[in-house]
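A quick write-up on the structure given underneath.
Derivation of every value follows stated rules applied to the coordinates shown; laboratory data play no part. Model, not experiment: these values are computed from the prediction. All Cβ positions, glycine included, derive from the backbone under ideal geometry; neighbour counts span all protein chains shown.
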Amino acid sequence: MLNLHHPWRRPSRPGLPRGRSLLVVALAMMLAFAGSAIGAAAQDDLPTVTIGSKDFTEQILVSEMLAQLLEDAGYPVERELNLGGSLLVHQALVSGEIDAYVEYTGTGLLAILELPLPAADASPTADATPTSLVDTVYDTVQQGYQEEFDLVWLDPLGFNNTYTLALRGDQAAELGVETISDLIDVGADLRFGATQEFVIRPDGLPGLREAYPGLEFAEESGMDPGLVYEALDSEQVDV
């Protein structure tokens, strides 16, 4: 469940012009702010930048890195970290309550713009994503955000964040599970847990089932990202 009572729901405050809100997917933004600070007359002349993040560890870390780089460049920074899921943080950006956050092209394409994956190699079983597909998705998202939300995507940070499945080591050894295909024969006896987004996203559980016909689980639970690992460790879920 998304908690709608977050600290970003506050009256508008002075800062970056709302029409120039930036969707951060790039180190280039950090460098741009740093370059602007060099010629600034005084810190008082610089706008306050509010950095947001989603509610999982990677997001909080990279957003904190961004905030510290901006502060080192002389910018006053407000932090609105750990806000919630993708849709909530996106809405915070659109409404002007935050100025920037780190987003992923797959999330932008599927969850925000609600566009289909490109036909080529759209299957989650592909061993590697061709550069042409990466570029196609990026270009589509960049154009879509500009046209629909007047938001700007810059150059990618250069790392890949992708989904995978995990079992406890002892259980995987007992069941003889080494690949996703191995789960087809035993999944009906296992409890599945994942983030709410993974349960419904086309490149999440629905795409997994499409790529691996016959893959089913005894139970399927959607939960907050921070609870997934705890649920697996405490044996509340198996996968």
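Remark on VAL152: its backbone amide H falls under 5 Å from those of LEU23, a criterion applied only to residues 5 or more positions apart or on other chains, H modelled at 1.01 Å from N.
Determine, for SER221, SER95, SER63, SER234, the number of other Cβ atoms within 10 Å of each Cβ, and report the residues in order from fewest to most.
Numbers: SER221 16, SER95 13, SER63 25, SER234 9.
The most exposed by this proxy come first: SER234, SER95, SER221, SER63.
Maximal additional length on extending the ASP185-GLU235 stretch stands at 16.0 nm, based on 0.36 nm per residue less the C-alpha distance. The amide H of GLU78, built 1.01 Å from its N in the peptide plane, has VAL49, THR50, ILE51 as neighbours under 5 Å, considering only residues 5 or more places off or on other chains. What FRET efficiency do you get for GLU64 and TYR163 if R0 is 35 Å and r is their Cβ-Cβ distance, rounded to the nearest 0.05? My answer for the efficiency is 0.90.
For the range 162-168, 3J(HN,Hα) computed residue by residue from phi via the Karplus equation (6.51, -1.76, 1.60; θ = phi - 60°) reads 9, 6, 8, 10, 9, 10, 5 Hz, glycine and proline entered as x. Extension gain, ASP139-ALA172: 0.36 nm per intervening residue step, less the Cα-Cα distance, totals 7.9 nm.
Whole-Hz Karplus values for the range 104-116 come out as 10, 4, x, 5, x, 5, 8, 8, 8, 7, 6, 9, x Hz, taken residue by residue from phi with 6.51 cos²θ - 1.76 cosθ + 1.60 and θ = phi - 60°; glycine and proline positions read x. 3J(HN,Hα) along the range 171-184, derived from phi through the Karplus expression 6.51 cos²θ - 1.76 cosθ + 1.60 where θ = phi - 60°, amounts to 6, 4, 5, 5, 8, x, 8, 10, 10, 4, 4, 5, 6, 4 Hz, with x in place of Gly and Pro.
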